[in-house]
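These notes are about the structure you will find just below.
The values are calculated or read from the model by the stated rules, or taken from the named source; none is laboratory data. Fair warning: this is a prediction, and the values are worked out from it, not measured in the lab. Cβ coordinates were reconstructed from backbone atoms using ideal geometry, including for glycine residues, and neighbour counts include every protein chain displayed. Protein only, heavy atoms only, side chains kept; ligands, DNA and RNA dropped before computing areas. Shrake-Rupley method; radii C 1.70, N 1.55, O 1.52, S 1.80 Å.
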Amino acid sequence: MAAPHISSYYAATINDDTQYPALEGTVSADVCVVGGGFSGISTALSLAERGYRVVVLEAQRVGWGASGRNGGQVIAGISGEHRLEAQLGDAGRRLLRDIRYRGHDIIEERIARHGIQCDLKHGWMEVAARSRHMAAMRAYVEARRADGDGAHLEIVEPGGMDRVIGSRLYHGAVIDRRSGHLHPLNLCLGEARAAAAIGVQIFEGSPVTALGGGAKPFAKTARGRVTAASIVIAGAMDRAVQMGPLRGLVFPTGSYIVATEPLPEPVAREISPQDLAVADSNVVVDYFRLSADRRLLFGGRCNYSNRDPRDIRATLRPRMVKVFPQLKGIGLDYAWGGKIDIVLTRVPAIGRAETNVYYMQGYCGHGVNVTHFAGEVVADAIAGTMEKLDLFERIRHVRLPIGQFLGNQLLALGMLYYRLKDLL
Ligand SMILES: Cc1cc2nc3c(=O)[nH]c(=O)nc-3n(C[C@H](O)[C@H](O)[C@H](O)COP(=O)(O)OP(=O)(O)OC[C@H]3O[C@@H](n4cnc5c(N)ncnc54)[C@H](O)[C@@H]3O)c2cc1C
């Protein structure tokens, strides 16, 4: 039995409750995709559009993981841009231009082509939590403009902040008008519907318990088996599916969101006059935006023990009120959390675990855009165009062969260090 979506603003406002069956018996396909989040559904759709027979195996429900729980911010690029450039040089710079907005384009094309209702709005802003952070923002915009890729970027000087946010906490900002925000669960469900309509077989409640590559790739569930020419491990999986190079690579770290009750229109306009998605410039980021029905969705990390907090509302409310004192006393209708898949290099891990077994994971909080790009990279590779996959396989990732528990404790300590730095 598939677990239902966790209680969240998104689950309460889905516009499609299609239930896909569990896998029973043996099925054959060209490609078997494991995981029904953005990575899996997006890859499946990219492959089916090229005529491949695709099966998706999802342990719970489509969009049940991070893809159906996130902040909905469609952000340009990755947090490890410098590392990608440092490791790949010019080829890395060219790849970065693709990573920045290719996912945006794919999402927008699919929304338009398949009529997916998911509240897409343009406009994303990084706000400077410290005045010294403005120098890096200015340098970034200059570099992007020099590269011919920055016309949609705009610096907001401290004196102009009233125009973009109803908060006194920040020291300036950079706006990216090509990025934006959306309802991620409705996007994922809409893409799944589009994939199913062109023949992708989706199975929910079907956790993969074993898989293998080589001459006869397969994925096995409790009551079924898929044989396929290729397998795609799409996203950070549970232990059953962590093979070879995936061990010690990704460290899931908790992030949490509260959704207020719908705000009166004047209040919503005051706190977010341009309806932008916002993230602050700290290493341990606070992020927020308005929903289509004018709730503030406010997210961030809750603790450094890597255990789920006992009371998400009690932890995030003071942070939200510090940013927007006008929201003191406002009701919080929903609170939920999920795991962000962190890789230490901060460059997504995309490659092959074995012959014919592909993987994609480690988006470090930038997955809405980058999962869609990664899905295309893997679909290209399966179709025979290896250029981008080859580049990702050249990235030297850091693996910690110390088990997930210890690794997570180390990561939590590292995050605490950065949080203290943010605060000083
Ligand atoms: C609270 C939160 C806020 C975030 N905010 C943002 C944001 O604003 N912008 C942004 O770009 N990114 C954000 N992210 C990150 C983003 O959501 C992820 O990077 C992205 O959704 C990853 O997609 P995925 O498909 O790889 O993984 P998932 O969506 O987690 O999908 C993996 C799927 O695999 C399934 N699965 C696991 N094991 C098995 C198995 N053995 N067999 C079959 N299926 C299995 C799971 O059930 C799951 O559905 C956020 C993440 C969280 C948790």
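Tally the DSSP beta bridges in the chain and give the antiparallel ones as a percent, rounded to 5.
Once the DSSP bridges in the chain are tallied, antiparallel ones form about 65 percent.
If packing is taken as the average number of other Cβ atoms within 10 Å across a peptide's residues, how do 229-237, 291-299, 90-98, 140-148 rank, most packed first?
Packing order, densest peptide first, comes out as 229-237, 291-299, 90-98, 140-148.
Quick check: from the Cα gyration tensor, does region 193-233 come out rounded (a/c under 1.5), prolate or oblate?
oblate
Cut-off 10 angstrom, C-alpha nodes, Gaussian network model of the chain. Which of Arg239, Arg53, Arg132 fluctuates the most?
Arg132
Which residues in region 248-288 have a backbone N closer than 17 Å to a point placed 7 Å from the Cα of Ala139 along the Cα-to-Cβ line?
The answer is 281-283, whose backbone nitrogens lie closer than 17 Å to the label point.
Using the Cα centre as the reference, give the magnitude of the dipole from point charges on the C-beta atoms of region 19-155 (Lys, Arg: +1; Asp, Glu: -1; all else neutral), rounded to the nearest 20 debye.
300 debye
Between Ala197 and Glu354, what length comes free when the chain is fully extended (0.36 nm per residue of separation minus the Cα-Cα distance, one decimal in nm)?
Extending this stretch completely gives an extra 53.5 nm.
At what distance in nm do the modelled label points of Arg313 and Glu24 sit from each other, each positioned 7 Å from its Cα along Cα→Cβ?
4.2 nm
Enumerate the calculated ³J(HN,Hα) couplings along region 362-369 in order (Karplus 6.51 cos²θ - 1.76 cosθ + 1.60, θ = phi - 60°), each rounded to whole Hz, writing x wherever the residue is Gly or Pro.
After applying 6.51 cos²θ - 1.76 cosθ + 1.60, I find x, 8, 6, x, 10, x, 4, 6 Hz.
At a Förster distance of 41 Å, what's the computed FRET efficiency of Lys328 paired with Gln87, Cβ-Cβ distance as r, to 0.05?
So, using R0 = 41 Å, E works out to roughly 0.30.
Hey, any idea what % of the chain's accessible area is carbon plus sulfur with a 1.4 Å probe?
Roughly 53 percent, rounded to a whole number.
Need one word for region 1-89: rounded, prolate or oblate. Basis is the Cα gyration tensor (sqrt eigenvalues a ≥ b ≥ c); a/c below 1.5 gives rounded, then a/b vs b/c decides.
Here region 1-89 falls in the oblate category.
Expressed in nm to one decimal, what extension gain is obtained for the pair Gln274 and Asp147 from 0.36 nm per residue of sequence separation less their Cα-Cα distance?
43.0 nm
Just want to confirm a number: the relative contact order over region 68-116, from Cα pairs under 8 angstrom separated by 6+ residues, in percent.
34 percent
If the cut-off is a Cα-Cα distance under 21 Å, which lysines reach Lys388, setting aside same-chain residues fewer than 8 apart in sequence?
Output for Lys388: empty list, no partners.
Would you mind getting the accessible area per residue of region 22-134, heavy atoms of the protein chains only, 1.4 Å probe, in Å²?
I get 36 Å² per residue for this part.
From the square roots a ≥ b ≥ c of the eigenvalues of the alpha-carbon gyration tensor of region 117-274, which class results: rounded (a/c under 1.5), prolate (a/b over b/c), or oblate?
Judged from the Cα gyration tensor, region 117-274 comes out prolate (a/c at least 1.5, a/b above b/c).
Based on alpha-carbon centroids, what's the gap between region 20-60 and region 127-176 in Å, whole number please?
Taking the Cα centre of region 127-176 as reference, the centre of region 20-60 is 41 Å away.
Starting at the first residue of region 280-289, write each ³J(HN,Hα) from the Karplus equation 6.51 cos²θ - 1.76 cosθ + 1.60 with θ = phi - 60°, in whole Hz, x for Gly and Pro.
With the stated coefficients, region 280-289 comes to 8, 8, 6, 5, 9, 8, 9, 9, 7, 5 Hz.
For Cα pairs less than 8 Å apart in space and 6+ apart in sequence, what is the mean separation divided by the residue count of the chain, i.e. the relative contact order in percent?
25 percent
Grab the DSSP H runs of the chain that are 4 residues or longer, score each as -39,500 (n - 2.57), total them, divide by all residues and round the 222 nm result to the nearest 500 deg cm²/dmol.
Computed ellipticity for the chain at 222 nm equals -10500 deg cm²/dmol.
Output wanted: per-residue J couplings in Hz (rounded whole) for region 335-350, from phi through Karplus 6.51 cos²θ - 1.76 cosθ + 1.60, θ = phi - 60°, x for Gly and Pro.
Each residue's phi maps through the Karplus curve to give 8, 7, x, x, 10, 8, 8, 9, 10, 5, 6, 6, 10, x, 8, 10 Hz.
Between Glu387 and Ala292, what length in nm is gained on full extension when 0.36 nm per residue of separation is reduced by their alpha carbon distance?
Length gained, Glu387 through Ala292: 30.3 nm.
Taking only protein heavy atoms and a 1.4 Å probe, what accessible area per residue, in Å², does region 215-273 have with all protein chains in place?
42 Å²
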